[in-house]
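Here's the structure, in C-alpha coordinates; my notes come after.
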Amino acid sequence: MALTFELIEKHGEHEQIVFCHDKTAGLKAIIAIHNTALGPALGGTRMWNYKNEEEALIDVLRLSKGMTYKAAAAGLNLGGGKAVIIGDPEKDKSEALFRAFGQYINSLNGRYITAEDVGTSVKDMGYVFAETHFVTGISPALGGSGDPSPLTANGVLHGIKASVKEKMKTDSLKGVRVAIQGLGKVGSYLAGFLVEQGAEIIVADINEAKTKDMEKRYKAKVVSSDEILFQECDVLAPCAMGAIINDETIKKINCKIVAGGANNQLAENHHGDQLKEMGILYAPDYVINAGGLMNVFVELEGYSKERAIERTETIYDNLLDIFKISREENIPTYQAANALAERRLDSIGRLRQKHPGQMTRTFSTLKIDNR
Ligand code: NAD
(Lines give C-alpha, C1' and ligand atoms only; values in the text may rest on other atoms or scores of the structure.)
Protein backbone atom coordinates (compact mmCIF):
# COMPACT_ATOMS: atom_id res chain seq x y z
CA MET A 1 0.00 0.00 0.00
CA ALA A 2 1.17 3.48 -0.83
CA LEU A 3 1.82 5.65 2.22
CA THR A 4 -1.35 7.25 3.58
CA PHE A 5 -0.14 10.85 3.35
CA GLU A 6 1.15 10.25 -0.18
CA LEU A 7 -2.28 9.01 -1.21
CA ILE A 8 -4.00 11.97 0.42
CA GLU A 9 -1.68 14.39 -1.32
CA LYS A 10 -2.18 12.69 -4.68
CA HIS A 11 -5.97 12.91 -4.54
CA GLY A 12 -6.47 16.60 -3.79
CA GLU A 13 -6.01 19.11 -1.04
CA HIS A 14 -8.38 17.77 1.60
CA GLU A 15 -8.91 19.70 4.83
CA GLN A 16 -9.31 16.75 7.16
CA ILE A 17 -9.42 12.96 7.09
CA VAL A 18 -10.87 11.11 10.07
CA PHE A 19 -10.27 7.40 10.63
CA CYS A 20 -13.05 5.92 12.76
CA HIS A 21 -12.58 2.66 14.59
CA ASP A 22 -14.64 0.80 17.17
CA LYS A 23 -13.59 -2.79 17.75
CA THR A 24 -16.71 -3.93 19.62
CA ALA A 25 -19.13 -2.44 17.08
CA GLY A 26 -16.96 -3.67 14.18
CA LEU A 27 -16.63 -0.13 12.80
CA LYS A 28 -13.91 0.75 10.31
CA ALA A 29 -14.78 3.98 8.52
CA ILE A 30 -13.12 7.00 6.95
CA ILE A 31 -14.62 10.49 6.78
CA ALA A 32 -13.04 12.87 4.28
CA ILE A 33 -13.72 16.60 4.46
CA HIS A 34 -12.49 18.05 1.21
CA ASN A 35 -13.44 21.70 1.42
CA THR A 36 -15.59 23.84 3.72
CA ALA A 37 -15.05 27.20 1.99
CA LEU A 38 -18.77 27.53 1.19
CA GLY A 39 -20.24 25.79 4.23
CA PRO A 40 -20.28 22.52 6.15
CA ALA A 41 -19.11 19.52 4.14
CA LEU A 42 -22.04 17.36 3.08
CA GLY A 43 -21.98 13.95 1.41
CA GLY A 44 -23.40 10.49 1.94
CA THR A 45 -21.95 7.48 3.70
CA ARG A 46 -21.09 4.59 1.38
CA MET A 47 -20.84 1.07 2.80
CA TRP A 48 -18.85 -1.25 0.58
CA ASN A 49 -16.82 -4.43 0.78
CA TYR A 50 -13.59 -2.73 -0.25
CA LYS A 51 -10.70 -5.03 -1.24
CA ASN A 52 -8.40 -3.17 1.13
CA GLU A 53 -8.03 0.06 3.08
CA GLU A 54 -6.19 1.80 0.25
CA GLU A 55 -9.17 1.29 -2.06
CA ALA A 56 -11.51 2.71 0.59
CA LEU A 57 -9.29 5.74 1.19
CA ILE A 58 -8.98 6.51 -2.54
CA ASP A 59 -12.76 6.21 -2.95
CA VAL A 60 -13.55 8.60 -0.09
CA LEU A 61 -10.94 11.13 -1.25
CA ARG A 62 -12.29 11.08 -4.80
CA LEU A 63 -15.98 11.20 -3.82
CA SER A 64 -15.55 14.00 -1.26
CA LYS A 65 -13.79 16.20 -3.82
CA GLY A 66 -16.64 15.53 -6.24
CA MET A 67 -19.11 16.77 -3.61
CA THR A 68 -17.25 20.10 -3.29
CA TYR A 69 -17.73 20.70 -7.02
CA LYS A 70 -21.31 19.47 -7.01
CA ALA A 71 -22.40 21.77 -4.16
CA ALA A 72 -20.49 24.76 -5.55
CA ALA A 73 -21.94 24.40 -9.07
CA ALA A 74 -25.42 23.92 -7.58
CA GLY A 75 -25.14 27.32 -5.86
CA LEU A 76 -25.48 25.80 -2.37
CA ASN A 77 -23.82 27.01 0.83
CA LEU A 78 -22.28 23.61 1.37
CA GLY A 79 -18.80 22.17 1.22
CA GLY A 80 -17.73 18.73 0.05
CA GLY A 81 -17.32 15.63 2.17
CA LYS A 82 -18.03 11.93 2.10
CA ALA A 83 -17.66 8.88 4.33
CA VAL A 84 -17.03 5.22 3.66
CA ILE A 85 -17.68 2.29 5.97
CA ILE A 86 -15.60 -0.77 5.19
CA GLY A 87 -17.86 -3.84 5.32
CA ASP A 88 -20.45 -5.92 3.56
CA PRO A 89 -23.80 -4.08 3.57
CA GLU A 90 -25.59 -7.44 3.38
CA LYS A 91 -23.91 -8.93 6.44
CA ASP A 92 -22.06 -6.42 8.59
CA LYS A 93 -24.71 -3.84 9.53
CA SER A 94 -25.87 -3.34 13.10
CA GLU A 95 -27.37 -0.62 15.27
CA ALA A 96 -24.11 -0.44 17.26
CA LEU A 97 -22.04 0.05 14.10
CA PHE A 98 -24.09 3.02 12.89
CA ARG A 99 -24.34 4.56 16.35
CA ALA A 100 -20.57 4.28 16.83
CA PHE A 101 -20.20 5.97 13.45
CA GLY A 102 -22.75 8.64 14.47
CA GLN A 103 -20.60 9.48 17.49
CA TYR A 104 -17.61 10.14 15.25
CA ILE A 105 -19.73 12.44 13.07
CA ASN A 106 -20.95 14.24 16.17
CA SER A 107 -17.37 14.81 17.32
CA LEU A 108 -16.83 16.95 14.20
CA ASN A 109 -19.40 19.47 15.47
CA GLY A 110 -21.09 20.10 12.13
CA ARG A 111 -18.02 20.33 9.91
CA TYR A 112 -19.38 17.19 8.20
CA ILE A 113 -23.04 16.27 7.61
CA THR A 114 -23.89 12.82 6.33
CA ALA A 115 -26.76 11.16 4.43
CA GLU A 116 -27.50 7.78 2.88
CA ASP A 117 -25.57 6.53 -0.16
CA VAL A 118 -24.78 3.26 -1.93
CA GLY A 119 -25.00 0.45 0.65
CA THR A 120 -26.71 2.51 3.37
CA SER A 121 -30.40 3.18 3.93
CA VAL A 122 -32.80 5.60 5.58
CA LYS A 123 -33.04 3.06 8.42
CA ASP A 124 -29.24 3.11 8.96
CA MET A 125 -29.34 6.91 9.05
CA GLY A 126 -32.00 6.64 11.74
CA TYR A 127 -29.38 4.98 13.98
CA VAL A 128 -26.85 7.69 13.12
CA PHE A 129 -29.51 10.28 14.04
CA ALA A 130 -29.73 8.74 17.52
CA GLU A 131 -26.18 10.05 18.12
CA THR A 132 -26.02 13.24 16.09
CA HIS A 133 -28.13 15.90 14.37
CA PHE A 134 -25.55 16.17 11.61
CA VAL A 135 -27.36 13.74 9.35
CA THR A 136 -29.89 14.50 6.64
CA GLY A 137 -32.11 12.56 4.21
CA ILE A 138 -33.71 10.81 7.16
CA SER A 139 -37.22 9.38 7.18
CA PRO A 140 -40.30 11.65 7.31
CA ALA A 141 -41.18 9.92 10.61
CA LEU A 142 -38.03 11.50 12.12
CA GLY A 143 -38.75 14.88 10.54
CA GLY A 144 -36.79 14.27 7.34
CA SER A 145 -37.75 14.63 3.68
CA GLY A 146 -37.61 10.95 2.68
CA ASP A 147 -36.81 9.69 -0.82
CA PRO A 148 -35.14 12.47 -2.89
CA SER A 149 -35.64 10.72 -6.26
CA PRO A 150 -38.70 12.74 -7.45
CA LEU A 151 -36.74 15.94 -6.77
CA THR A 152 -33.71 14.57 -8.60
CA ALA A 153 -35.98 13.73 -11.54
CA ASN A 154 -37.49 17.24 -11.48
CA GLY A 155 -34.00 18.72 -11.64
CA VAL A 156 -33.15 16.47 -14.58
CA LEU A 157 -36.33 17.61 -16.34
CA HIS A 158 -35.27 21.26 -15.99
CA GLY A 159 -31.76 20.33 -17.12
CA ILE A 160 -33.19 18.71 -20.23
CA LYS A 161 -35.24 21.88 -20.88
CA ALA A 162 -32.09 24.03 -20.62
CA SER A 163 -30.21 21.68 -22.95
CA VAL A 164 -33.05 21.70 -25.50
CA LYS A 165 -33.13 25.52 -25.32
CA GLU A 166 -29.38 25.69 -25.95
CA LYS A 167 -29.16 23.12 -28.70
CA MET A 168 -32.58 23.21 -30.39
CA LYS A 169 -33.48 26.84 -29.61
CA THR A 170 -36.93 26.02 -28.27
CA ASP A 171 -38.64 26.44 -24.90
CA SER A 172 -41.00 23.53 -25.46
CA LEU A 173 -40.49 19.80 -25.05
CA LYS A 174 -43.48 19.06 -27.28
CA GLY A 175 -42.49 16.36 -29.75
CA VAL A 176 -38.91 16.20 -28.43
CA ARG A 177 -37.74 12.55 -28.53
CA VAL A 178 -36.05 11.42 -25.32
CA ALA A 179 -34.46 7.97 -24.88
CA ILE A 180 -34.32 6.97 -21.20
CA GLN A 181 -31.89 4.27 -20.09
CA GLY A 182 -33.04 2.87 -16.73
CA LEU A 183 -36.51 3.14 -15.20
CA GLY A 184 -35.61 3.05 -11.53
CA LYS A 185 -36.46 5.72 -8.98
CA VAL A 186 -35.18 8.62 -11.11
CA GLY A 187 -35.91 7.32 -14.63
CA SER A 188 -39.55 6.39 -13.91
CA TYR A 189 -40.40 9.82 -12.42
CA LEU A 190 -38.56 11.53 -15.27
CA ALA A 191 -40.57 9.56 -17.82
CA GLY A 192 -43.85 10.81 -16.29
CA PHE A 193 -42.67 14.44 -16.15
CA LEU A 194 -41.51 14.34 -19.79
CA VAL A 195 -44.78 12.90 -21.04
CA GLU A 196 -46.67 15.62 -19.15
CA GLN A 197 -44.63 18.17 -21.13
CA GLY A 198 -45.51 16.56 -24.46
CA ALA A 199 -42.20 14.77 -25.10
CA GLU A 200 -42.07 11.38 -26.83
CA ILE A 201 -40.22 8.77 -24.82
CA ILE A 202 -38.28 5.67 -25.78
CA VAL A 203 -37.38 3.50 -22.78
CA ALA A 204 -35.31 0.49 -21.75
CA ASP A 205 -34.60 -1.35 -18.53
CA ILE A 206 -33.15 -4.77 -17.78
CA ASN A 207 -36.28 -5.35 -15.69
CA GLU A 208 -39.13 -6.14 -18.09
CA ALA A 209 -41.87 -5.34 -15.57
CA LYS A 210 -40.66 -1.71 -15.51
CA THR A 211 -40.75 -1.28 -19.29
CA LYS A 212 -44.20 -2.92 -19.45
CA ASP A 213 -45.45 -0.42 -16.87
CA MET A 214 -44.16 2.54 -18.94
CA GLU A 215 -45.72 1.11 -22.09
CA LYS A 216 -49.06 0.80 -20.36
CA ARG A 217 -49.00 4.12 -18.52
CA TYR A 218 -47.46 6.40 -21.16
CA LYS A 219 -47.56 4.42 -24.43
CA ALA A 220 -43.75 4.61 -24.35
CA LYS A 221 -41.80 2.95 -27.13
CA VAL A 222 -39.81 0.09 -25.58
CA VAL A 223 -36.44 -1.06 -26.93
CA SER A 224 -33.87 -3.50 -25.54
CA SER A 225 -31.22 -2.31 -23.13
CA ASP A 226 -28.57 -3.13 -25.77
CA GLU A 227 -30.17 -0.68 -28.19
CA ILE A 228 -31.29 2.25 -26.05
CA LEU A 229 -28.04 4.23 -26.22
CA PHE A 230 -28.04 4.17 -30.01
CA GLN A 231 -31.61 5.32 -30.69
CA GLU A 232 -32.05 8.19 -33.10
CA CYS A 233 -33.41 10.84 -30.76
CA ASP A 234 -33.02 14.43 -29.58
CA VAL A 235 -32.01 13.66 -25.98
CA LEU A 236 -30.33 10.59 -24.53
CA ALA A 237 -31.10 10.49 -20.78
CA PRO A 238 -28.87 7.95 -18.99
CA CYS A 239 -30.57 7.06 -15.68
CA ALA A 240 -28.94 3.74 -14.81
CA MET A 241 -25.23 3.11 -14.32
CA GLY A 242 -22.05 5.13 -14.87
CA ALA A 243 -19.41 5.06 -17.64
CA ILE A 244 -21.97 4.53 -20.40
CA ILE A 245 -20.23 7.04 -22.68
CA ASN A 246 -17.10 5.04 -23.45
CA ASP A 247 -14.84 3.94 -26.35
CA GLU A 248 -17.33 1.23 -27.34
CA THR A 249 -20.55 3.26 -27.28
CA ILE A 250 -19.57 6.79 -28.28
CA LYS A 251 -19.26 6.13 -32.03
CA LYS A 252 -22.79 4.76 -32.24
CA ILE A 253 -24.60 7.42 -30.18
CA ASN A 254 -27.21 9.10 -32.36
CA CYS A 255 -28.60 12.07 -30.42
CA LYS A 256 -28.21 15.86 -30.19
CA ILE A 257 -27.99 16.03 -26.39
CA VAL A 258 -26.85 13.77 -23.52
CA ALA A 259 -28.72 14.83 -20.37
CA GLY A 260 -29.72 12.36 -17.65
CA GLY A 261 -29.56 11.58 -13.95
CA ALA A 262 -26.87 8.87 -13.77
CA ASN A 263 -23.60 9.56 -11.97
CA ASN A 264 -20.22 9.50 -13.75
CA GLN A 265 -21.62 9.13 -17.26
CA LEU A 266 -18.30 9.78 -19.02
CA ALA A 267 -15.96 6.77 -18.73
CA GLU A 268 -13.08 9.26 -19.05
CA ASN A 269 -12.79 13.00 -19.52
CA HIS A 270 -11.68 12.65 -23.14
CA HIS A 271 -15.14 11.25 -23.93
CA GLY A 272 -16.49 14.68 -22.97
CA ASP A 273 -14.05 16.26 -25.46
CA GLN A 274 -15.21 13.78 -28.08
CA LEU A 275 -18.91 14.59 -27.53
CA LYS A 276 -18.09 18.25 -28.14
CA GLU A 277 -16.23 17.39 -31.36
CA MET A 278 -19.25 15.35 -32.49
CA GLY A 279 -21.51 18.37 -31.91
CA ILE A 280 -23.40 16.61 -29.09
CA LEU A 281 -24.29 18.82 -26.12
CA TYR A 282 -23.45 17.15 -22.80
CA ALA A 283 -25.18 18.32 -19.60
CA PRO A 284 -22.53 17.56 -16.95
CA ASP A 285 -23.92 14.80 -14.72
CA TYR A 286 -23.09 16.30 -11.36
CA VAL A 287 -24.88 19.53 -12.31
CA ILE A 288 -28.05 18.05 -13.80
CA ASN A 289 -28.49 15.42 -11.06
CA ALA A 290 -28.00 17.81 -8.11
CA GLY A 291 -31.74 17.82 -7.24
CA GLY A 292 -31.28 15.21 -4.51
CA LEU A 293 -28.52 17.27 -2.88
CA MET A 294 -30.66 20.41 -3.12
CA ASN A 295 -33.48 18.52 -1.43
CA VAL A 296 -31.36 17.56 1.59
CA PHE A 297 -30.02 21.11 1.74
CA VAL A 298 -33.60 22.35 2.10
CA GLU A 299 -34.12 19.69 4.77
CA LEU A 300 -31.23 21.23 6.73
CA GLU A 301 -32.89 24.65 6.51
CA GLY A 302 -36.22 23.21 7.72
CA TYR A 303 -38.02 21.24 5.04
CA SER A 304 -40.60 22.60 2.64
CA LYS A 305 -41.46 20.64 -0.49
CA GLU A 306 -42.28 23.86 -2.38
CA ARG A 307 -38.84 25.33 -1.65
CA ALA A 308 -37.20 22.03 -2.60
CA ILE A 309 -39.02 22.05 -5.95
CA GLU A 310 -38.04 25.70 -6.55
CA ARG A 311 -34.41 24.85 -5.78
CA THR A 312 -34.30 22.00 -8.28
CA GLU A 313 -35.60 24.35 -10.97
CA THR A 314 -32.41 26.46 -10.61
CA ILE A 315 -30.62 23.66 -12.47
CA TYR A 316 -32.04 25.26 -15.64
CA ASP A 317 -30.04 28.49 -15.14
CA ASN A 318 -26.98 26.69 -13.77
CA LEU A 319 -26.73 24.70 -16.99
CA LEU A 320 -27.33 27.74 -19.22
CA ASP A 321 -24.41 29.45 -17.42
CA ILE A 322 -22.22 26.41 -18.04
CA PHE A 323 -23.18 26.24 -21.73
CA LYS A 324 -22.32 29.94 -22.05
CA ILE A 325 -18.85 29.41 -20.52
CA SER A 326 -18.35 26.41 -22.82
CA ARG A 327 -19.30 28.47 -25.89
CA GLU A 328 -17.34 31.59 -24.98
CA GLU A 329 -14.17 29.78 -23.90
CA ASN A 330 -14.49 26.97 -26.43
CA ILE A 331 -14.10 24.27 -23.80
CA PRO A 332 -16.13 21.09 -23.27
CA THR A 333 -19.10 21.45 -20.93
CA TYR A 334 -17.60 19.18 -18.23
CA GLN A 335 -14.65 21.59 -18.01
CA ALA A 336 -17.01 24.58 -18.00
CA ALA A 337 -18.87 23.05 -15.02
CA ASN A 338 -15.61 22.69 -13.10
CA ALA A 339 -14.71 26.28 -13.98
CA LEU A 340 -18.09 27.56 -12.72
CA ALA A 341 -17.65 25.63 -9.44
CA GLU A 342 -14.07 26.87 -8.95
CA ARG A 343 -15.10 30.50 -9.60
CA ARG A 344 -17.82 30.29 -6.96
CA LEU A 345 -15.46 28.59 -4.49
CA ASP A 346 -12.99 31.35 -5.07
CA SER A 347 -15.33 34.35 -4.93
CA ILE A 348 -17.81 33.29 -2.22
CA GLY A 349 -15.27 31.22 -0.28
CA ARG A 350 -13.02 34.27 -0.03
CA LEU A 351 -15.91 36.43 1.21
CA ARG A 352 -16.71 33.96 3.97
CA GLN A 353 -13.11 34.02 5.12
CA LYS A 354 -13.14 37.80 5.23
CA HIS A 355 -16.14 37.97 7.55
CA PRO A 356 -16.40 34.56 9.18
CA GLY A 357 -19.90 33.74 10.38
CA GLN A 358 -21.60 36.40 8.19
CA MET A 359 -22.50 34.14 5.30
CA THR A 360 -23.88 31.16 7.16
CA ARG A 361 -27.37 32.50 7.81
CA THR A 362 -28.73 29.58 5.81
CA PHE A 363 -27.79 27.28 8.63
CA SER A 364 -29.24 29.31 11.46
CA THR A 365 -32.04 26.77 11.80
CA LEU A 366 -29.71 23.80 11.96
CA LYS A 367 -29.74 22.51 15.52
CA ILE A 368 -26.27 22.22 16.89
CA ASP A 369 -27.05 21.26 20.45
CA ASN A 370 -26.41 17.56 20.59
CA ARG A 371 -27.68 15.02 23.00
P1 NAD B 1 -32.34 2.65 -9.28
O2 NAD B 1 -31.48 1.53 -8.82
O3 NAD B 1 -33.68 2.88 -8.64
O4 NAD B 1 -32.61 2.50 -10.86
C5 NAD B 1 -31.68 2.07 -11.80
C6 NAD B 1 -32.46 1.35 -12.90
O7 NAD B 1 -31.57 1.07 -13.97
C8 NAD B 1 -33.06 0.01 -12.44
O9 NAD B 1 -34.43 -0.06 -12.79
C10 NAD B 1 -32.23 -1.03 -13.21
O11 NAD B 1 -32.97 -2.21 -13.51
C12 NAD B 1 -31.85 -0.24 -14.45
N13 NAD B 1 -30.68 -0.72 -15.17
C14 NAD B 1 -29.51 -1.19 -14.67
N15 NAD B 1 -28.68 -1.52 -15.68
C16 NAD B 1 -29.32 -1.22 -16.82
C17 NAD B 1 -28.98 -1.33 -18.21
N18 NAD B 1 -27.81 -1.81 -18.61
N19 NAD B 1 -29.88 -0.92 -19.14
C20 NAD B 1 -31.09 -0.43 -18.75
N21 NAD B 1 -31.47 -0.32 -17.46
C22 NAD B 1 -30.59 -0.71 -16.52
O23 NAD B 1 -31.43 3.96 -9.18
P24 NAD B 1 -31.89 5.50 -9.19
O25 NAD B 1 -31.98 5.96 -7.80
O26 NAD B 1 -33.01 5.68 -10.15
O27 NAD B 1 -30.57 6.18 -9.79
C28 NAD B 1 -30.26 6.11 -11.17
C29 NAD B 1 -28.94 6.83 -11.43
O30 NAD B 1 -29.04 8.19 -10.98
C31 NAD B 1 -27.74 6.24 -10.66
O32 NAD B 1 -26.59 6.40 -11.46
C33 NAD B 1 -27.66 7.12 -9.42
O34 NAD B 1 -26.34 7.13 -8.89
C35 NAD B 1 -28.03 8.46 -10.01
N36 NAD B 1 -28.57 9.42 -9.04
C37 NAD B 1 -29.69 9.14 -8.33
C38 NAD B 1 -30.20 10.08 -7.41
C39 NAD B 1 -31.47 9.81 -6.65
O40 NAD B 1 -32.01 10.76 -6.05
N41 NAD B 1 -32.01 8.60 -6.65
C42 NAD B 1 -29.54 11.31 -7.22
C43 NAD B 1 -28.38 11.59 -7.98
C44 NAD B 1 -27.91 10.62 -8.88
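Looking only at residues in the range 253-273 that are more than 23 Å from the chain's Cα centre (by Cα) and more than 15 Å from the ligand (Cβ to nearest atom), the one that is surrounded by the most Cβ atoms within 10 Å (Cβ to Cβ) is CYS255. Can you pull out every residue in the range 185-202 that is within 28 Å of VAL118 (Cβ to Cβ) and surrounded by fewer than 19 Cβ atoms within 10 Å (Cβ to Cβ)? Passing the criteria: LYS185, GLY192, PHE193. Filtering GLY81, GLY102, GLY110 for residues that are out of contact with any Ser or Thr (no Cβ under 6 Å at 6 or more places or on another chain) and of a type in the set (Gly, Ala, Ser) leaves a single hit, GLY110.
State whether the residues of the range 157-170 include one that is away from the ligand (no atom under 16 Å from the Cβ), outside any helix (DSSP H, G or I) and in the same structural domain as ASP226 (by TED's automatic domain parsing). For the range 157-170, residues away from the ligand (no atom under 16 Å from the Cβ), outside any helix (DSSP H, G or I) and in the same structural domain as ASP226 (by TED's automatic domain parsing): present. Within the range 277-320, track down each residue that is farther than 18 Å from LYS165 by Cβ, part of a helix (DSSP H, G or I) and either away from the ligand (no atom under 16 Å from the Cβ) or touching a strand residue (DSSP E or B) at 6+ places or on another chain (Cβ under 8 Å) (or both). Once the filter is applied, which keeps residues that are farther than 18 Å from LYS165 by Cβ, part of a helix (DSSP H, G or I) and either away from the ligand (no atom under 16 Å from the Cβ) or touching a strand residue (DSSP E or B) at 6+ places or on another chain (Cβ under 8 Å) (or both), the range 277-320 yields GLU277, ASP285, LEU293, VAL296, PHE297, LEU300, GLU301, GLU306, ARG307, GLU310. Criterion applied to LEU76, LEU151, LEU142 was being surrounded by fewer than 19 Cβ atoms within 10 Å (Cβ to Cβ) and touching a helix residue (DSSP H, G or I) at 6+ places or on another chain (Cβ under 7 Å), and the one residue passing it is LEU142. Would you check if ASP59 is within 21 Å of the chain's Cα centre (by Cα), among the acidic types (Asp, Glu) and outside the structural domain of ALA283 (by TED's automatic domain parsing)? Here the answer is yes, as ASP59 does meet what is asked. Listed by first and then second residue, the pairs with beta-carbon distance under 7 Å, at least 6 apart or on different chains, first residue in the range 204-216 and within 12 Å of GLY187 (Cα to Cα) and polar (S, T, N, Q), second assigned to a loop (DSSP other than H, G, I, E, B) and within 9 Å of the ligand (Cβ to nearest atom), are THR211/LEU183; THR211/ASP205.
Checked against (1) near the ligand (Cβ under 9 Å from one of its atoms); (2) crowded, with 21+ Cβ neighbours inside 10 Å; (3) of a type outside the set (A, V, I, L, M, F, W, C), GLY242 passes all but condition (2). From the list ASP234, ASP205, ASP226, the one residue that fits, being within 13 Å of the ligand (Cβ to nearest atom) and either surrounded by 15 or more Cβ atoms within 10 Å (Cβ to Cβ) or under 19 Å from ASN263 (Cβ atoms) (or both), is ASP205.
Only one entry of SER145, SER188, SER149, SER139 meets the criterion of being modelled with pLDDT under 95 and within 15 Å of ALA262 (Cα to Cα), and that entry is SER149.
Residues satisfying the criterion are present in the range 208-221 (criterion: assigned by TED's automatic domain parsing to the domain that holds ASP321, of a type in the set (A, V, I, L, M, F, W, C), within 10 Å of the ligand (Cβ to nearest atom) and more than 16 Å from GLY291 (Cα to Cα)). With respect to the conditions (1) under 28 Å from ALA37 (Cβ atoms); (2) of a type in the set (S, T, N, Q); (3) out of contact with any helix residue (DSSP H, G or I) (no Cβ under 7 Å at 6 or more places or on another chain), THR114 lacks only one, and its number is (3). Taking (1) in contact with a Leu (Cβ under 9 Å, 6 or more places away or on another chain); (2) closer than 25 Å to ASP317 by Cβ; (3) not charged (D, E, K, R) in turn, SER172 satisfies each apart from (1).
Of all residues in the range 127-154, those that are within 28 Å of VAL287 (Cβ to Cβ) have Cβ atoms under 7 Å from Cβ atoms of residues that are among the aromatic types (Phe, Trp, Tyr) and assigned to a loop (DSSP other than H, G, I, E, B), 6 or more apart or on another chain, in SER145/TYR303.
The values are calculated or read from the model by the stated rules, or taken from the named source; none is laboratory data. Fair warning: this is a prediction, and the values are worked out from it, not measured in the lab. Reconstructed Cβ throughout: ideal geometry from the backbone, glycine too, with neighbour counts over all protein chains shown.
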